[in-house]
1. Just want to confirm a number: the relative contact order over the range 53-177, from Cα pairs under 8 angstrom separated by 6+ residues, in percent.
2. What ³J(HN,Hα) values, in whole Hz, does the Karplus curve 6.51 cos²θ - 1.76 cosθ + 1.60 give for the range 100-106 when θ = phi - 60°, with x put for Gly and Pro?
3. Measuring from label point to label point, each 7 Å out along Cα→Cβ, what is the Gln54 to Ala97 span in nm?
4. Please check which bits of the range 104-118 a label hung off Thr73 would reach, taking the label as a point 7 Å along Cα-to-C-beta and the cut-off as backbone N under 13 Å.
5. Residue by residue, what Karplus-based ³J(HN,Hα) values in Hz, rounded to whole numbers, does the range 109-121 have, using 6.51, -1.76 and 1.60 with θ = phi - 60° and x for Gly and Pro?
6. Restricting attention to the range 96-177, which chymotrypsin sites (Phe, Trp or Tyr not before Pro) occupy a DSSP loop and are surrounded by at most 10 other Cβ atoms within 10 Å?
Amino acid sequence: MATKFSHALTTFVIVASMFSMSMANKDWFLGSGSNYSDWWSRFRNHHHNKTQQQPRNIIVGGSEGWHFGFNYTDWAFKNGPYYLNDTLVFKYDGPNATSFPHSVYMFSNFWSFLNCDVKSAKMLASPTEGAGEGFHFVLEKWQPYFFACGERNGFHCNNGQMKFAVMPMFRPFWPWP
Ligand SMILES: [Cu+2]
C-alpha cells in the first residue's frame with residue numbers, strides 16, 4: 001500500500017510539474033509573466049538548436065521503442081519539453097511468435113491513468129498499427145495527455161510501466177540562439 005501510494009505521489013508530482021511548466025510558458029507566451037528568466041534558465045540547456053521552431057517527431061522510448069518493462073514515465077520526463085504539434089511515434093511489432101502484442105490507449109483523466117483503468121480509456125492504435133513507421137499521434141491540444149499500453153487488461157500499464165503523461169507547451173515564436 002505504501003508503495004502504491006508513493007508511486008501515486010511521484011507520478012502526480014511529475015505530471016503536476018509538467019503542467020506548471022506549461023502554465024509558466026503560457027504566461028510568458030501571453031506576455032503577462034515575470035518568470036522569463038526562470039523559464040529560460042530551466043530550458044536553455046535542453047534544446048537550443050535552430051530546428052526547435054519546427055515540430056519534432058519523437059519516437060516514444062527512443063531506440064527502445066514501445067515495449068514491456070521500460071520506464072516510460074522516466075523517459076517522458078527526460079525527453080521534454082514537448083510542444084504543440086509535436087508528433088509522438090509509437091513503434092512496436094505486431095503480434096508474432098516472439099513478442100507480446102502492444103497497443104496505444106489514451107486516458108481521459110489522471111485517476112484512470114494512475115490506476116491503469118484501460119476499460120475507461122480510448123484505443124488510439126491496435127496491436128497491428130505500431131509496425132513499420134509506427135503509429136503517429138500529434139499533440140495538437142494544450143492539455144495533458146495520458147498514454148498507456150492497453151494490453152492484458154492493464155497489466156502492461158501497471159506492471160510493464162507502459163504508461164506516461166505529456167503536457168505540450170506553446171512554442172516560442174522567435175528563433176532560439
Ligand atoms: Cu504492451
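1. Working: 258 pairs, mean separation 41.3, N = 125.
It rounds to 33 percent for the range 53-177.
2. 3J(HN,Hα) across the range 100-106, in whole Hz: 6, x, 10, 7, 10, 10, 10.
3. Here the modelled spin labels are 4.1 nm apart.
4. Only 111, 113-116 pass the distance filter.
5. Result, ordered by residue: 8, 5, 6, 5, 4, 4, 8, 6, 7, 5, 4, 8, 8 Hz.
6. Values: sites: Tyr105, Phe107, Phe110, Trp111, Phe113, Phe135, Phe137, Trp142, Tyr145, Phe146, Phe147, Phe155, Phe164, Phe170, Phe173; in loops: Trp142, Phe170, Phe173.
Here the sparse-neighbourhood loop sites are Phe173.
Read-outs throughout are calculated quantities, based only on the coordinates presented, and are distinct from any laboratory measurement. Nothing here was measured: the structure is a model prediction, and the numbers come from that model. No Cβ is skipped: glycine too gets one built from the backbone with ideal geometry, and neighbour counts run over all protein chains shown.
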